[in-house]
1. For a quick check: sort 76, 13, 91 by the number of other beta carbons within 10 angstrom, fewest at the front.
2. Suppose the chain between residue 84 and residue 52 were pulled fully straight at 0.36 nm per residue; how much longer would it get relative to their current alpha carbon spacing?
3. Using alpha carbon coordinates only, what is the Rg to Rh ratio of region 1-67, with Rh defined as the Kirkwood radius?
4. Given R₀ = 25 Å, FRET efficiency for residue 34-residue 62 by Cβ-Cβ distance, to 0.05?
5. Long-range amide H contacts for residue 30: which residues qualify at under 5 Å (H placed 1.01 Å from N, peptide plane, sequence gap of 5 or more or a different chain)?
Amino acid sequence: MAVWTSEPHTPAVLSAAEQWRTNCMVQSGSLFTNRNLWTSDNLASLKRHYVDNLIEGDGSFYDKLQKQIGDAPSAVIQLAAEAIWFLNLFVLEGSMGRTRSASEYARYGSGLANRYRQVSFLRTIH
């Protein structure tokens, strides 16, 4: 696979994405815990709590998400946090306001040394 970009953090981002693919998609595991989070049961529960439980109107994404999945099992909340982490892994600086940039996530993704246990989203929900 050819990869070209002028961004210095690209190798770390791609490494983190590869670890996510292996741990989560192949092994149904997790990037940040020893739990099996990416299972069909947890994904179905996340769909019921989030996708099938739409909240329209005012409120931030995270406020609405907390209402939607706040009473879900902890594994489903952790799954949501990892999904959000993965989605934001590729966001480039400046493209979404103050959303964490790819370079910020690359610092966590480079070997995932600290396993990013302080996911602020998890602290918000639980």
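1. 91, 13, 76
2. 9.8 nm
3. 1.12
4. 0.45
5. 37
Every read-out reported here was derived from the displayed coordinates using simple, explicitly stated rules and does not represent laboratory data. Just so you know, these numbers come straight off a predicted model, no measurement behind them. We place every Cβ from the backbone using ideal geometry, glycine too, and count neighbours over all the protein chains shown.
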